[in-house]
Each structure stands twice: as structure tokens, then as C-alpha cells.
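Notes for the one structure printed next.
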Amino acid sequence: MSDNGNAGAMTSSTATNDRLAGKVAVITGGSRGQGAAEAELFVAAGATVVITDVLDDEGKATAERLGDAVSYLHHDVSSSQEWADVVASVVETHGRIDVLVNNAGIFQIAALEATSDDDWDRMISINQTGVFYGLREVSPLMRAQGSGSIINISSIAGLSGTAKAFAYSATKWAVRGMTKGAARDLAASGVRVNSVHPGIIDTPMFEEFGEAGGAVEASIPNGRLAEASEVGTLVLYLASDESSYCTGQEFVIDGGWTA
């Protein structure tokens, strides 16, 4: 169910080709975890990457660690103005955006009746509205280019009901729906939109389960948590031209959880 957190063990030497050569990618929530793992894989595959986040110290450190092909921008995805500023900055610097990964997100354990107004509003603003703003800001640019790949990070909670994380599940279903609508809208322009639905990932978000974490991990058919880099490998595929005929689809990576 995680969108970001501690990065997996994969290093830049793992990738052996130029699957994203010449492409410019924006990855939200890229300062750590899943986003940072995606950035590392993208750079190894030849992309120029802009990571965005509200965690400035971690974001700058990640960009420095990954080298000259990566830069960092402060970015609150719940702000439409900050979305406009980020897109404008990337276009001014790099001239285009070929890949957008809507990775930023938060997770909270809270059942229906335990979800406060503030909890609901915060979850919606980051996980749902943030993805909407990203789609809206990048779509005109990609239409004009005649190409692009947008990958929205949803969750297995966007495939089935999740009683103990009610608001989170609601947002991830919304991401799934927005993905399909945008895919149909943009397909004729050569722009692809897909969603990725991770299961339980080894990131700080997993700590939200608290003492129940052991039982959650034991429930995974594969018997272990996923590494952030494993999800990143799937995202890399969707960012590359190898997935040129894939759009409007859900890609599940959950160790058999939804089997």
C-alpha cells in the first residue's frame, strides 16, 4: 500500500541499457523510498530526472547522490500553483516532459468512523487532488509533443475495499478512475496513462501498521514485503517505449495478495 519510503537495494549499475535515453521524467514524492528507487532506475536507464517533494533536505541529498542527471524541486502536490511552477521550471530547463510519475502519497490506518474531517481532507488533497493537478498540468504539454507516459501510483487498496484505511482506499480508487478517464482522453494524442497497484512495500509507510505489521507481512502469499526497487522496475517498464501499447490499465505488483 506504500507510495514512498526507504529505497530498495538496487543500484544504478543494475540497469544495463538505455531504455529511457533522451527522456525527461518528473517523479513526485521522489526524495526517498519508492520515488527515489524509481529515480535511480530511470537515471541508470538514461533519463534526465526531476524529483519533487516537500522533504527538501532528503530530496536534495537524493539528487546529489544520484548525480548530475537528477535535480530536485520543492513541490507540494496539493497546490495547483506549485504544480504549474514545477512544470514551467522543468520545461524551461529541459524543454519537455516525457514521463510523469505521480508517486507522492500518504497512508493512514483509520476506519470509517475514526476518520476525521481533517484526516479526510488531507488524504484527498495529496493522494487524489495531487494526481488530478499533475494530469491537468502535464496533459497539454504531452499532447503538443504527441507523446508521453503518465504513471499513477495507486495501490491494491484501489482494487478492493479496505475497511481499516477508509480514506486511503477511497483516494486510490479515485486514482484508478482518473487513470482510465485520462487514458481515453489522451490516447489519440500518443500519450499513455496507466496505474500501478503495489501491495505491501518495505518503506516507512509500513510502520503505520504498528504491532499488526507482522501479521500483515505473514498474510502475503510470497511471504515477504516487496522492495521499493521491485515496484520501480515495473514503473520503468511503463515509462519506456517497451509498453507502447499499454494504456488505461492497472498493473498489480503485490506478491499474490489479490490472487
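The values are calculated or read from the model by the stated rules, or taken from the named source; none is laboratory data. Predicted, not measured: the structure shown is a model, and the values here were computed from it. Please note: Cβ atoms are built from the backbone with ideal geometry, for glycine as well, and neighbour counts cover all protein chains shown. Side chains included, ligands, DNA and RNA excluded: accessible areas come from the protein's heavy atoms. Shrake-Rupley method; radii C 1.70, N 1.55, O 1.52, S 1.80 Å.
Before moving on, here are some points about what is shown:
- Within region 218-244, the only residue that satisfies the criterion of being open to solvent by 60 Å² or more (accessible area, probe 1.4 Å) and modelled with pLDDT under 65 is Ala218.
- A single member of Ser139, Ser154 is in contact with a Pro (Cβ under 9 Å, 6 or more places away or on another chain) and of a type outside the set (Val, Ile, Thr), and it is Ser154.
- Restricting region 74-105 to residues that are open to solvent by 40 Å² or more (accessible area, probe 1.4 Å) and acidic (Asp, Glu), the residue that is farthest from Ile201 (Cα to Cα): Glu92
- Taking (1) within 29 Å of Phe107 (Cα to Cα); (2) at pLDDT below 95 in turn, Asp18 satisfies each apart from (1).
- Looking only at region 32-56, and only at residues there that are acidic (Asp, Glu) and in a helix (DSSP H, G or I), the one that is nearest to Tyr237 (Cα to Cα): Glu38
- Residues in region 57-68 that are open to solvent by less than 50 Å² (accessible area, probe 1.4 Å) and assigned to a helix (DSSP H, G or I): Gly59, Thr62, Ala63, Leu66.
- Boolean, Ser71 is outside any helix (DSSP H, G or I), under 27 Å from Ile200 (Cβ atoms) and open to solvent by 30 Å² or more (accessible area, probe 1.4 Å): no
- Scanning region 154-184 for residues that are part of a helix (DSSP H, G or I) and without any contact (Cβ under 8 Å) to a residue 12 or more places away in the chain returns Gly177, Gly181.
- Condition broken by Val131, with the remaining ones in (1) closer than 19 Å to Asp76 by Cβ; (2) open to solvent by 10 Å² or more (accessible area, probe 1.4 Å); (3) not acidic (Asp, Glu) satisfied: (2)
- Helices (runs of 4 or more DSSP H) wholly inside region 79-153 that include at least 3 residues being out of contact with any helix residue (DSSP H, G or I) (no Cβ under 6 Å at 6 or more places or on another chain) and hydrophobic (A, V, I, L, M, F, W, C): 80-94, 130-145
Results for (1) under 22 Å from Ser139 (Cβ atoms); (2) in contact with a helix residue (DSSP H, G or I) (Cβ under 7 Å, 6 or more places away or on another chain); (3) in contact (Cβ under 8 Å) with a residue 24 or more places away in the chain; (4) of a type outside the set (Val, Ile, Thr), shown as yes or no for each residue.
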site: Val50; (1), (2), (3), (4): yes, yes, yes, no
site: Val54; (1), (2), (3), (4): no, no, no, no
site: Leu73; (1), (2), (3), (4): yes, yes, no, yes
site: Val77; (1), (2), (3), (4): yes, yes, yes, no
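- Check on Arg176, open to solvent by 30 Å² or more (accessible area, probe 1.4 Å) and closer than 23 Å to Ile51 by Cα: yes
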